[in-house]
Structure formats: C-alpha cells, structure tokens
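Notes follow once the structure below has been shown.
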Amino acid sequence: MAEHYEMEGDWMRNIAKYDRLMLPDSTRLVIEFGEDGYIPQADYLDERFLRILKNHLDDVGCIGIEIDNYQAVDYTKFGFRRDGMGMYSFRLYDTPLTHEQQDSLNANECLVVYNDSTVFEFGGGVIGVQYFVGKQEYLEKKKQGEYETNR
C-alpha cells in the first residue's frame, strides 16, 4: 500500500478535493465500483458524475470512495483492494494529524498511520480478521527507516 500511495497519493488528494466540492452539503457518498457496476446511491448523482468518478478511481487503482459532507468527517476514504469480505483503504486527512491523534489511530488494530495526513485501514467486514495483517512488521521496518514517508 505504501508504494501505491507514493505513486498515486497526490492524484488521490486532488480527486478527494474535487469530489467533496461537487457533492451537496449534508451528503455522504459511499460507492464501490465492481465488475457488476455500482448501486446508485441518490438521484443527485448523475451518470456523467459517476462516469468521471469511476475514471478517476481507475486512474489511481482504487475501487471505491467514501466522502462525508454530512458529519464533517475530516478525511476521504479510498477503497483500495478487497480481500474476501474485507477492504484495504486509504484515509486521506484534510489537515495534518497531531502526534496524539496518530498514536490513538495506531492503537487501533485495523489502522496504520503512514504519515501525518495518511492512514492505511483494513476493515474485516462482517466476519474474518479484524486487524491489519502485517501491521507490526510494517511498523518495525518504518521505525528502522526502511520506508520513507515523503507526503
């Protein structure tokens, strides 16, 4: 995920800003594109917007996006890959996280803080593993300087 983010992170951030502005206030967009298409969420999402959104997600190698203009959540989540019922995702925060926030997020077994504005997430779905597989190994390598976080 780190390598993918290094290649596509800037473009994902641009997509997040654009799509957040395109959505009406007090809305929440959660959409995943798959082989069978998608499930329309609301009538304000016209075919043109959805086509553009799918192209943007394809460009960055992601399958879904979650934007919450309703609860004023300060991050956009990009669905990266499915693993059974689970999903690996990128959380791209609008503002840098404090060290305390980063520590709190890293304490969650399903989250890995990559840098001060990016968090990797694994959601296990209804059943299955409820932790980020490989988290401890990644954190050890990051601590030893094997991974650099430029963004």
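Points worth noting:
- Residue in region 27-35 that is open to solvent by less than 70 Å² (accessible area, probe 1.4 Å), modelled with pLDDT of 90 or more and either within 17 Å of Val73 (Cβ to Cβ) or among the polar types (S, T, N, Q) (or both) present: no
- Filter result (part of a loop (DSSP other than H, G, I, E, B) and either at pLDDT below 90 or crowded, with 21+ Cβ neighbours inside 10 Å (or both)) within region 110-132: Gly124, Gly125, Val126, Ile127, Gly128, Val129, Gln130, Tyr131, Phe132
- Pair list, Cβ < 7 Å and 6+ apart or interchain, from region 86-106 residues that are in contact (Cβ under 8 Å) with a residue 60 or more places away in the chain and within 13 Å of Phe120 (Cβ to Cβ) to residues that are in a helix (DSSP H, G or I) and among the hydroxyl-bearing types (Ser, Thr, Tyr): Phe90/Tyr5
- Subset of region 61-91 that is of a type in the set (Asp, Glu) and in a strand (DSSP E or B) - its residue that is farthest from Leu105 (Cα to Cα): Asp83
- Cβ-Cβ under 7 Å pairs, at least 6 apart or on other chains, region 51-68 side under 15 Å from Phe80 (Cβ atoms), far side assigned to a helix (DSSP H, G or I) and open to solvent by 50 Å² or more (accessible area, probe 1.4 Å): Asp59/Trp11; Val60/Trp11
- Scanning region 96-109 for residues that are open to solvent by 60 Å² or more (accessible area, probe 1.4 Å) and farther than 26 Å from Glu32 by Cβ returns Pro96, Thr98, His99, Glu100, Gln101, Asp103, Ser104, Ala107.
- Among (1) modelled with pLDDT of 85 or more; (2) part of a loop (DSSP other than H, G, I, E, B); (3) among the acidic types (Asp, Glu), the one test that Asp58 misses: (2)
- Taking residues in region 124-141 that are over 18 Å from Gly79 (Cα atoms), and partners anywhere that are modelled with pLDDT under 70 and of a type outside the set (D, E, K, R), the pairs with Cβ atoms closer than 6 Å and at least 6 places apart or on different chains are Lys141/Tyr147.
- Residues of region 47-95 satisfying the condition of being hydroxyl-bearing (Ser, Thr, Tyr) and open to solvent by less than 60 Å² (accessible area, probe 1.4 Å): Tyr75, Thr76, Tyr88, Ser89, Tyr93
The values are calculated or read from the model by the stated rules, or taken from the named source; none is laboratory data. Just so we're clear, the structure is a prediction, and the values are computed from it rather than from any experiment. In this analysis, Cβ positions are derived from the backbone assuming ideal geometry, glycine residues included, and neighbour counts consider all displayed protein chains. Areas reflect the complete protein model, heavy atoms only, side chains present, ligands, DNA and RNA absent. Shrake-Rupley method; radii C 1.70, N 1.55, O 1.52, S 1.80 Å.
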